[in-house]
Amino acid sequence: MDIQSEFDFIKAAEKDIAMLTATRIQVLRAANGLDLSVDMSAVEKESRDYYEKALRDGSHAAYLVFDAELFVGAGGISFYRVMPTFHNPSGNKAYIMNMYTHPDYRRRGIASAVLDLLVKEALTRGVEHISLEATSMGRPLYTKFGFVPMKDEMILPGEFVNGGKI
């Protein structure tokens, strides 16, 4: 059976901001091992603000997955532009995030189908430079899809900046 006929894959719209925001918090709690006692109100507010702007201006696309009325998965992609380079003359990039599948629905192809929809969304927009951060659980899916580790990217950790070293 085709996965997209078994579940409903809905492209998110502004009316879905509350669900997208709640899903974002759920994903962050799961990815960071945070229980319900951890205050996520600031992240929740900023996520809502992000979705309100980004869905309106088209810089973000997301899919929500349902089994009848039950929410079972999601994924999103943000679009942005950096200075053009030799390898990316347009400077257009996309970043996949917020990939989630409810534990009872894992290993059924939902995340793979969402990832496929997100990559196709980027390619439809002419964006070929697509990146993501992978948890250990998600890495096999992304590797199977064709994503490879980046060797040259570096990050300045927030604790370095916030710790007063700069």
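The values are calculated or read from the model by the stated rules, or taken from the named source; none is laboratory data. Bear in mind that the values here come from a model prediction, so they are computed numbers and not experimental data. Note that each Cβ is placed from the backbone with ideal geometry, even for glycine, and that neighbours are counted across all protein chains shown. All accessible areas refer to the heavy atoms of the entire protein, side chains included, with ligands and DNA or RNA removed. Shrake-Rupley method; radii C 1.70, N 1.55, O 1.52, S 1.80 Å.
Structural remarks
- Sites Ile10 and Ala30, calculated FRET efficiency, Cβ-Cβ separation with R0 22 Å, nearest 0.05: 0.55
- Exposure of Lys11 as accessible area (Å², to 10), given a probe of 1.4 Å and all protein chains: 100
- Dipole check for the chain: with +1 at the C-beta of Lys and Arg, -1 at the C-beta of Asp and Glu, and the Cα centre as origin, the magnitude is about 420 Debye.
- Two-decimal ratio, the chain, of alpha-carbon radius of gyration to 2.2 N^0.38 Å: 1.09
- Of Val43, Val119, the residue with the largest accessible area leads and the full order is Val43, Val119 (1.4 Å probe).
- Theoretical FRET efficiency, 1/(1+(r/R0)^6), r = Cβ-Cβ of Tyr95 and Thr135, R0 22 Å, to 0.05: 0.90
- Convex hull volume per residue in cubic angstrom - Cα atoms of the stretch 1-91: 160
- Across the options Ala68, Asn88, Gly138, the greatest Cα extent toward the positive end of the charge dipole of the chain (unit charges at beta carbon of Lys, Arg, Asp, Glu) belongs to Asn88.
- The charge dipole of the stretch 1-58, taken about its Cα centre with unit charges on the Cβ of Lys, Arg, Asp and Glu (plus for the first two, minus for the last two), comes to roughly 160 debye.
- Taking amide H as placed 1.01 Å from N in the peptide plane, the amide H of Ala12 sits under 5 Å from that of Ala62, Tyr63, Leu64, each at least 5 places away or on another chain.
- Using the Cβ-Cβ distance between Glu52 and Arg108 with R0 set to 30 Å, the FRET efficiency from 1/(1 + (r/R0)^6) comes to roughly 0.40.
- For the peptides 48-58, 96-106, the ranking by packing is 96-106, 48-58, with the highest mean count of neighbouring Cβ atoms within 10 Å listed first.
- Close amide H pairs (under 5 Å, H built 1.01 Å from N) link Met99 with Gly76, residues at least 5 positions away or on another chain.
- Using a probe radius of 1.4 angstrom, the carbon and sulfur fraction of the accessible surface of the stretch 1-102 is 57%.
- Accessible surface for the chain, divided over its residues, is 65 Å² per residue with a 1.4 Å probe.
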